[in-house]
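One structure is given here, and the rest of the page talks about it.
The values are calculated or read from the model by the stated rules, or taken from the named source; none is laboratory data. From a predicted model like this one, the values you see are computed outputs, not experimental measurements. In this analysis, Cβ positions are derived from the backbone assuming ideal geometry, glycine residues included, and neighbour counts consider all displayed protein chains. We work out accessible area using only protein heavy atoms, side chains counted, and drop any ligands, DNA or RNA first. Shrake-Rupley method; radii C 1.70, N 1.55, O 1.52, S 1.80 Å.
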Amino acid sequence: MNPFFQQPNENPLTCHVFCLDNVPANSYYSVSPFAQKVRNLCWMLKSTGNHVTYYGYESCEVECDEKVIIASEDLLFQAYPHIHSGKGHIDLNKERENPKGIEYLEKKWTLATGFEFRKRYKPGDFVFWMLPGCGQRHLYYELEAENLPVRHIEAGIGYIGACLPYKVFVSSFIRDFHYGIYQSNKRWYETLDEASKEIKRGPHYLYTYIDAEQPPTHDALIPIPFDLSQFDFRIQKEDYLLYLARILTGKGIREAVEIAERMNMKLVVAGPGDFQDQVGRKPSKNIEILGPVGPKERRDLLSRAKAVLSLSAVFETFGQAAVEALLSGTVPITANSGGFLDTIQSGYNGYRIRYSNIEAGIHAVENLDKIDPFALRDSGLRYSREWIALQYNEYLQYIDHKFKDNNEKPFFEQDWSDRQKEIQWPEQWIVPVDQKNNGGKNVP
């Protein structure tokens with residue numbers, strides 16, 4: 001199942017993974033990064049020989065030993081009527097139309113998941129959470145209050161508000177942001193009187209802090225994993241640029257449009273949102289608006305594009321579209337900030353520029369041929385769930401060893417400074433789909 005992990009696992013762990021109440025962990029919901037994180041997390045845990053119990057919807061596509069159905073998807077679609085058509089995108093303005101339905105779903109999810117989990121857990125088990133602010137957070141508060149003898153892992157942190165005992169951050173940017181704001185808030189918190197401290201109590205990021213003298217040693221930096229079956233590595237490209245994100249000014253839609261129009265190139269825009277509202281005008285003749293796309297269309301668009309434009313003004317905590325481009329052999333052109341600093345080495349596996357520097361963006365498009373597509377694919381494979389699973393298992397073994405023996409077992413995070421170190425990938429992973437008939441030979 002995992003070509004890099006030698007089975008059996010010498011110390012198999014028991015893991016409980018919770019679905020999000022507002023979106024199933026299914027490849028169809030490709031617009032939701034949380035749905036894909038949950039799906040890939042289960043795969044990684046199972047592929048390294050651990051026992052996985054999953055709590056979710058019937059349609060969830062997950063690798064597990066036991067799948068516990070905790071709610072009807074009829075309730076999900078009543079609470080979030082646009083979730084299916086949006087491929088997992090939640091439009092907060094639309095979803096506010098049914099606040100009672102959302103509240104009922106969260107309560108139902110919390111009660112059912114908590115009931116099933118309490119029947120199954122044993123001391124020392126690992127419990128995995130994705131906590132962007134849905135029903136999971138309510139259940140965690142309940143279980144935390146019960147002080148159960150389990151290890152709570154907050155996995156895939158790419159948002160503000162992380163608060164669980166063990167945290168897995170997806171990039172050095174979001175990790176350092178959390179640590180910086182926590183440390184600053186300690187000084188602020190200590191200035192409050194006792195009555196104010198009582199009011200501000202709670203595991204919210206504004207009121208949580210770490211000890212500057214004893215920084216945490218039990219957190220980890222493990223990037224987002226990707227399912228290789230969702231991407232095609234292609235050498236031959238078509239003459240268009242791709243914008244794959246929500247249509248927001250902060251995500252770089254205006255910059256992408258200006259670069260494409262000044263170069264007289266086609267720009268395909270794939271993502272939820274109102275183009276005219278965000279750009280201020282209707283799309284010109286060389287702008288194609290597709291809306292949210294599913295996994296098959298997403299795969300095709302990524303593999304055939306000349307480049308993917310991710311020029312976010314906001315600080316992306318990871319920047320998934322850039323890694324999806326790498327896996328597809330497509331050059332990512334990204335902002336020079338946030339999570340892109342971890343994933344993209346400008347001039348080697350893409351280009352990083354100031355998001356608003358249109359001239360630099362044009363220069364990058366004019367120099368796409370200077371980037372080796374095999375270097376792109378190699379860079380992307382370092383985020384394959386097969387490879388990332390090794391880091392996850394090592395991290396969990398470190399925690400388990402510390403929990404049982406109260407000793408420090410070394411944990412080795414990925415060395416970001418050596419991202420070009422040669423790795424022997426399975427041969428089928430590095431053969432482009434448009435070169436398979438000749439075994440990958442004579443690739444330009």
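Before moving on, here are some points about what is shown:
- Whole-percent pair-distance distribution, where bins are 10 Å wide, for the alpha carbons of segment 1-41: 25, 37, 29, 9
- Extension gain, Ser346-Ile362: 0.36 nm per intervening residue step, less the Cα-Cα distance, totals 4.3 nm.
- Once the convex hull of all Cα atoms in segment 274-336 is built, its volume per residue stands at 114 Å³.
- Rough spin-label spacing in nm, given labels placed 7 Å along Cα→Cβ, for Asp277 and Lys100: 2.6
- Per the Debye calculation on segment 259-381 with a single equal scatterer at every Cα and no solvent contribution, log₁₀ I(q)/I(0) for q = 0.12, 0.16, 0.19 Å⁻¹ amounts to -0.42, -0.78, -1.12.
- Percent carbon-and-sulfur accessible area, the chain, ignoring ligands, DNA and RNA, probe 1.4 Å: 48
- Label of the coordinate-derived value, P(r) over Cα pairs in 10 Å bins from 0, in percent, listed as (1) 4, 18, 24, 19, 16, 12, 6, 1, 0; (2) 4, 20, 30, 27, 15, 4, 0, 0; (3) 4, 17, 26, 25, 17, 8, 3, 1, 0: (2)
- Hydrodynamic analysis of segment 233-330 uses the Kirkwood radius over alpha carbon pairs. Inserted into Stokes-Einstein at 10 °C and 1.306 mPa s, it gives a translational diffusion coefficient of 119 µm²/s.
- Under the span-like rule (Cα at least 20 Å along the axis, Kyte-Doolittle mean at least 1.6), DSSP H helices of the chain: none
- The aspartates and glutamates within cross-link reach of Lys119, meaning a Cα-to-Cα straight distance under 17 Å and a gap of 8 or more places when in the same chain, are Asp65, Glu66, Glu142, Glu144, Glu146.
- Gyration tensor (alpha-carbon) shape descriptor, segment 313-411, a/c threshold 1.5: prolate
- Using the 1.4 Å probe convention, the accessible area of segment 345-387 works out to 42 Å² per residue with neighbouring protein chains retained.
- Qualifying trypsin sites (Lys or Arg not before Pro) in segment 80-148, where qualification requires a DSSP coil assignment and no more than 14 other C-beta atoms within 10 Å, comprise Arg96.
- Extension gain for the segment Ile69 to Ser172, taken as residue separation times 0.36 nm less the Cα-Cα distance, is 33.6 nm to one decimal.
- Segment Asn336-Gln420, length gained on full extension (0.36 nm per residue, minus Cα span): 28.3 nm
- Gyration tensor (alpha-carbon) shape descriptor, segment 51-117, a/c threshold 1.5: oblate
- Reachable aspartates and glutamates, given that their alpha-carbon falls under 19 Å from the alpha-carbon of Lys100 and they are not under 8 places away in the same chain: Asp21, Glu73, Asp74, Asp91
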